[in-house]
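Rule-based calculations on the coordinates, nothing more; no lab input. As the structure is a computational prediction, the values presented were derived from the model and not from experiment. Note: ideal-geometry Cβ built from the backbone for every residue, glycine included; neighbour counts use all protein chains shown.
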Amino acid sequence: MRRRGGIVIGVLVGVLALAAAGCGGGNDDNSGSASATAAAPETSGAASTTAAAGGGGENELQLTAQGTAWNTTSFDLKAGSSYTLEVTNQDSIEHNFTFAAGNANQDVEGGEDAKVTFTAPAAGSYPFFCKYHPSAMKGTITVT
Ligand SMILES: [Cu+2]
């Protein structure tokens with residue numbers, strides 16, 4: 001922990017030093033590229049890709065609550081496939097994602113987001129909704 005923080009601070013200081021040097025017009029020999037490549041390994045692990053979706057693997061879905069409404073009211077899933085849904089709550093009040101056929105029931109505090117994983121049931125059409133605002137926040141999940 002300590003060591004890593006020191007490296008991050010060191011990189012920041014280096015960037016600032018380079019910026020300052022740029023203004024003075026002096027040491028341009030080891031400019032921008034050096035600090036950019038040094039920082040790259042730190043961030044590589046954090047970036048999540050959605051490209052992994054496919055054959056029996058994990059599929060990522062997104063849903064946002066804003067103004068006591070969902071930004072998406074329909075999803076198409078494949079029967080038996082596993083899904084991870086990230087629910088983003090942009091309101092200040094708590095919302096919830098309930099998809100009973102997939103045994104999903106996930107609360108999401110105001111201003112936060114939460115992930116819920118479920119397996120698509122047999123082919124059919126199923127409702128999803130926020131259990132706190134079921135008439136305003138509902139949609140349909142179609143499984144094929
Ligand atoms: Cu709600």
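Provide the net charge surrounding Phe97, with neighbours chosen by a C-beta distance below 12 Å and charges set as Lys +1, Arg +1, Asp -1, Glu -1.
On the way: positive: Lys115, Lys131, Lys138; negative: Glu86, Glu94, Asp107, Asp113.
That sum, taken over residues with Cβ under 12 Å, equals -1.
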Within-12-Å neighbourhood charge of Trp70 [Cβ basis; K, R +1; D, E -1]: 0
The answer for Ile141, listing residues at least 5 apart or on another chain whose modeled amide H is closer than 5 Å to its amide H, is Phe75, Tyr126, Phe128
